[in-house]
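K.L.:
Please read through the structure below; I'll follow up with questions.
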Amino acid sequence: MSDSSAINNKLMNEMRKELDEKRFIHTLGVAYTAAMLAEVHGEDPEAAMTAGLLHDCAKGLSNKKRIDICNKNRIPITEVEYRNPFLLHAKVGKFLAENRYGIKDDDILNAISSHTTGRPDMSRLEKIIYISDYIEPGRKHAADLDLIRKQAFIELDTALLMVLEGTLSYLRSAENEIDPMTQETYDYYKK
Ligand code: DGI
Ligand code: FE
Ligand code: FE
């Protein structure tokens, strides 16, 4: 077994313990979807697996715990994040990936921190994780999922825009506050 697949094996077992069952199954869906997309689009599938396995590693923590971790480690919290602290699971996930799970690869760490809002000028791996989170087989409710799934295996940027459009229209219809980063990401890729 290669080093990275041994690491992924270990991370999978850690996530099984850390996350509730539903979240763990979603995590596996993201990890395998990301590995397939990486294979198709010329990225390292093991790195995609690692990012997929860890992307929601801070999802099992309370909001208070996430805010505490940010404060103790000088991770800045924006006003939108104070009002919607679940958004912090991405930044805190990156912190835990680095400091608890020993991940050193910046591309993997960035893919974890950008997986909820995206960000302008994402790397290919970041796009793969952002898209995989939306299209993994356990997701059922978003509009046009079949189309977006096909597109993701053809070309990433169009698929990314479809996911951003779906996310923004869901946030508007649910009257959820839109993080300026989500809007910025959409504007960047719409151009
Ligand atoms: O952690 P997951 O549920 O697997 O997925 P995620 O990290 O993408 O979080 C999903 C939720 O995050 C989804 O309901 C959309 C929401 N989200 C994404 N961007 C924003 C947002 N929620 C708010 N309030 N504002 C945003 O800009
Ligand atoms: Fe998430
Ligand atoms: Fe997720």
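The values are calculated or read from the model by the stated rules, or taken from the named source; none is laboratory data. None of the values given here were measured: they were computed from a predicted structure. Quick reminder, even Gly has a Cβ in these numbers, built from the backbone with ideal geometry, and neighbours come from all protein chains shown. These accessible areas exclude ligands, DNA and RNA; they are computed on the full protein's heavy atoms, side chains included. Shrake-Rupley method; radii C 1.70, N 1.55, O 1.52, S 1.80 Å.
K.L.:
Regarding the range 166-176, can at least one residue be identified that is surrounded by 14 or more Cβ atoms within 10 Å (Cβ to Cβ), touching a helix residue (DSSP H, G or I) at 6+ places or on another chain (Cβ under 8 Å), more than 24 Å from Phe95 (Cβ to Cβ) and not small (Gly, Ala, Ser)?
P.N.:
Pass one, the range 166-176, residues surrounded by 14 or more Cβ atoms within 10 Å (Cβ to Cβ): 166-168, 171.
Subsequent filtering for residues that are touching a helix residue (DSSP H, G or I) at 6+ places or on another chain (Cβ under 8 Å) retains 166-168, 171.
With more than 24 Å from Phe95 (Cβ to Cβ) added as a condition, the list becomes 166, 168, 171.
Filter once more, keeping what is not small (Gly, Ala, Ser): 168, 171.
Looking through the range 166-176, at least one residue is surrounded by 14 or more Cβ atoms within 10 Å (Cβ to Cβ), touching a helix residue (DSSP H, G or I) at 6+ places or on another chain (Cβ under 8 Å), more than 24 Å from Phe95 (Cβ to Cβ) and not small (Gly, Ala, Ser).
K.L.:
Among residues belonging to the range 75-91 that are in a helix (DSSP H, G or I) and open to solvent by 30 Å² or more (accessible area, probe 1.4 Å), point out the one that is nearest to Asn63 (Cα to Cα).
P.N.:
Within the range 75-91, the match that is nearest to Asn63 (Cα to Cα) is Phe86.
K.L.:
Only residues that are within 14 Å of the chain's Cα centre (by Cα), closer than 24 Å to Thr158 by Cα and not in a helix (DSSP H, G or I): list them for the range 11-62, please.
P.N.:
Hit for the range 11-62 is His55, nothing else.
K.L.:
Filter the range 126-150 down to the residues that are farther than 19 Å from Gly52 by Cβ and without any contact (Cβ under 8 Å) to a residue 12 or more places away in the chain, then identify the one that is nearest to ligand 3 (Cβ to nearest atom).
P.N.:
In this case the residue turns out to be His141.
K.L.:
I'd like the full set of residues that are of a type outside the set (Ser, Thr, Tyr) and part of a helix (DSSP H, G or I), limited to the range 1-10.
P.N.:
Once the filter is applied, which keeps residues that are of a type outside the set (Ser, Thr, Tyr) and part of a helix (DSSP H, G or I), the range 1-10 yields Asp3, Ala6, Ile7, Asn8, Asn9, Lys10.
K.L.:
Residues that are more than 16 Å from ligand 2 (Cβ to nearest atom) and in a loop (DSSP other than H, G, I, E, B): does the range 155-162 have at least one?
P.N.:
Checked against the condition, which is being more than 16 Å from ligand 2 (Cβ to nearest atom) and in a loop (DSSP other than H, G, I, E, B), the range 155-162 yields at least one hit.
K.L.:
Among the residues of the range 121-135 satisfying the criterion of being open to solvent by less than 40 Å² (accessible area, probe 1.4 Å) and not in a helix (DSSP H, G or I), which is farthest from ligand 1 (Cβ to nearest atom)?
P.N.:
Checked the range 121-135; the qualifying residue farthest from ligand 1 (Cβ to nearest atom) is Ser123.
K.L.:
Any residue at all in the range 104-118 that is within 16 Å of ligand 3 (Cβ to nearest atom), over 30 Å from Ala6 (Cβ atoms) and modelled with pLDDT of 95 or more?
P.N.:
There is at least one residue in the range 104-118 that is within 16 Å of ligand 3 (Cβ to nearest atom), over 30 Å from Ala6 (Cβ atoms) and modelled with pLDDT of 95 or more.
K.L.:
Can you say whether Gly138 is open to solvent by 10 Å² or more (accessible area, probe 1.4 Å) and in contact with a Gly (Cβ under 7 Å, 6 or more places away or on another chain), as far as the supplied structure shows?
P.N.:
For Gly138, the condition - open to solvent by 10 Å² or more (accessible area, probe 1.4 Å) and in contact with a Gly (Cβ under 7 Å, 6 or more places away or on another chain) - is met.
K.L.:
Determine which member of the set Ile148, Ile112, Ile103 is within 14 Å of ligand 2 (Cβ to nearest atom) and either open to solvent by less than 40 Å² (accessible area, probe 1.4 Å) or touching a Leu at 6+ places or on another chain (Cβ under 7 Å) (or both).
P.N.:
Sole residue among the options that is within 14 Å of ligand 2 (Cβ to nearest atom) and either open to solvent by less than 40 Å² (accessible area, probe 1.4 Å) or touching a Leu at 6+ places or on another chain (Cβ under 7 Å) (or both): Ile112.
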